[in-house]
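S.K.: This is the structure I want to talk about, given as C-alpha coordinates.
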(Lines give C-alpha, C1' and ligand atoms only; values in the text may rest on other atoms or scores of the structure.)
Protein backbone atom coordinates (compact mmCIF):
# COMPACT_ATOMS: atom_id res chain seq x y z
CA UNK A 1 0.00 0.00 0.00
CA UNK A 2 1.23 3.47 -0.88
CA UNK A 3 2.02 6.05 1.74
CA UNK A 4 -0.53 8.87 1.82
CA UNK A 5 0.82 12.40 1.67
CA UNK A 6 -0.88 13.96 4.70
CA UNK A 7 0.52 17.41 3.91
CA UNK A 8 -1.41 17.37 0.65
CA UNK A 9 -4.57 16.29 2.47
CA UNK A 10 -4.15 19.10 5.01
CA UNK A 11 -3.54 21.65 2.25
CA UNK A 12 -6.63 20.57 0.32
CA UNK A 13 -8.69 20.70 3.52
CA UNK A 14 -7.36 24.18 4.29
CA UNK A 15 -8.31 25.39 0.80
CA UNK A 16 -11.81 23.96 1.19
CA UNK A 17 -12.20 25.74 4.53
CA UNK A 18 -11.02 29.03 3.00
CA UNK A 19 -13.57 28.69 0.20
CA UNK A 20 -16.29 27.91 2.73
CA UNK A 21 -15.32 30.94 4.85
CA UNK A 22 -15.41 33.19 1.80
CA UNK A 23 -18.87 31.88 0.93
CA UNK A 24 -20.18 32.33 4.49
CA UNK A 25 -18.67 35.82 4.69
CA UNK A 26 -20.30 36.81 1.40
CA UNK A 27 -23.71 35.42 2.34
CA UNK A 28 -23.70 36.97 5.81
CA UNK A 29 -22.60 40.38 4.54
CA UNK A 30 -24.55 40.59 1.31
CA UNK A 31 -26.52 43.62 2.53
CA UNK A 32 -23.27 45.41 3.41
CA UNK A 33 -21.75 44.47 0.06
CA UNK A 34 -24.73 45.89 -1.83
CA UNK A 35 -24.54 49.01 0.32
CA UNK A 36 -20.84 49.45 -0.46
CA UNK A 37 -21.56 49.37 -4.21
CA UNK A 38 -23.53 52.60 -3.79
CA UNK A 39 -20.61 54.24 -1.99
CA UNK A 40 -21.77 53.83 1.60
CA UNK A 41 -19.11 51.79 3.34
CA UNK A 42 -20.11 50.34 6.73
CA UNK A 43 -17.53 50.12 9.50
CA UNK A 44 -15.29 47.06 9.67
CA UNK A 45 -16.74 45.89 12.99
CA UNK A 46 -20.17 45.63 11.36
CA UNK A 47 -18.75 43.29 8.71
CA UNK A 48 -16.95 41.11 11.25
CA UNK A 49 -19.83 40.98 13.76
CA UNK A 50 -22.12 39.37 11.20
CA UNK A 51 -19.64 36.80 9.92
CA UNK A 52 -17.52 35.58 12.76
CA UNK A 53 -20.03 34.54 15.35
CA UNK A 54 -19.47 31.67 17.75
CA UNK A 55 -21.91 29.43 15.89
CA UNK A 56 -20.13 30.06 12.58
CA UNK A 57 -16.77 29.22 14.15
CA UNK A 58 -18.14 25.94 15.54
CA UNK A 59 -19.68 25.17 12.14
CA UNK A 60 -16.32 25.87 10.46
CA UNK A 61 -14.44 23.59 12.87
CA UNK A 62 -16.91 20.74 12.38
CA UNK A 63 -16.82 21.07 8.61
CA UNK A 64 -13.02 21.19 8.75
CA UNK A 65 -12.99 17.80 10.44
CA UNK A 66 -15.52 16.45 7.93
CA UNK A 67 -13.50 17.78 4.98
CA UNK A 68 -10.29 16.28 6.38
CA UNK A 69 -11.79 12.84 6.97
CA UNK A 70 -13.46 12.75 3.56
CA UNK A 71 -10.29 13.82 1.76
CA UNK A 72 -8.19 11.31 3.70
CA UNK A 73 -10.71 8.55 2.93
CA UNK A 74 -10.63 9.48 -0.76
CA UNK A 75 -6.82 9.32 -0.89
CA UNK A 76 -6.80 5.97 0.94
CA UNK A 77 -9.23 4.55 -1.63
CA UNK A 78 -7.04 5.85 -4.46
CA UNK A 79 -3.96 4.28 -2.86
CA UNK A 80 -5.76 0.94 -2.55
CA UNK A 81 -6.84 1.04 -6.21
CA UNK A 82 -3.29 1.81 -7.30
CA UNK A 83 -1.84 -1.01 -5.22
CA UNK A 84 -4.37 -3.48 -6.66
CA UNK A 85 -3.41 -2.65 -10.23
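S.K.: Is there a residue being part of a helix (DSSP H, G or I), in contact with a helix residue (DSSP H, G or I) (Cβ under 7 Å, 6 or more places away or on another chain) and modelled with pLDDT of 85 or more anywhere in the range 39-51?
M.R.: No, there is no match, as no residue in the range 39-51 is part of a helix (DSSP H, G or I), in contact with a helix residue (DSSP H, G or I) (Cβ under 7 Å, 6 or more places away or on another chain) and modelled with pLDDT of 85 or more.
S.K.: Can you pull out the residues in the range 27-37 that are exposed (fewer than 13 other Cβ atoms within 10 Å of the Cβ) and within 16 Å of residue 59 (Cα to Cα)?
M.R.: Hit for the range 27-37 is 27, nothing else.
S.K.: From the list 18, 23, 63, exactly one residue is surrounded by 12 or more Cβ atoms within 10 Å (Cβ to Cβ) and part of a helix (DSSP H, G or I). Which is it?
M.R.: Result of the check over 18, 23, 63: 63.
Here's the yes/no breakdown for (1) closer than 21 Å to residue 10 by Cβ; (2) within 22 Å of the chain's Cα centre (by Cα):
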| residue | (1), (2) |
| --- | --- |
| 42 | no, no |
| 53 | no, yes |
| 56 | no, yes |
| 60 | yes, yes |
| 63 | yes, yes |
| 69 | yes, yes |
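S.K.: Among (1) surrounded by 11 or more Cβ atoms within 10 Å (Cβ to Cβ); (2) closer than 30 Å to residue 85 by Cα; (3) at pLDDT below 80, there is one condition residue 1 misses while meeting the rest; what is its number?
M.R.: So the condition that residue 1 fails would be (1).
S.K.: Consider residue 56 carefully, then state whether it is in contact (Cβ under 8 Å) with a residue 24 or more places away in the chain, surrounded by 11 or more Cβ atoms within 10 Å (Cβ to Cβ), part of a helix (DSSP H, G or I) and touching a helix residue (DSSP H, G or I) at 6+ places or on another chain (Cβ under 7 Å). Step through it out loud before you land on a result.
M.R.: Values: in contact (Cβ under 8 Å) with a residue 24 or more places away in the chain: yes; surrounded by 11 or more Cβ atoms within 10 Å (Cβ to Cβ): yes; part of a helix (DSSP H, G or I): yes; touching a helix residue (DSSP H, G or I) at 6+ places or on another chain (Cβ under 7 Å): yes.
Judged against the criteria, residue 56 is a match.
The values are calculated or read from the model by the stated rules, or taken from the named source; none is laboratory data. If you're wondering where the values come from, they're calculated on a predicted model, not measured in any experiment. A quick note on method: Cβ atoms are made from the backbone with ideal geometry, for glycine too, and the neighbour counts reach across all protein chains shown.
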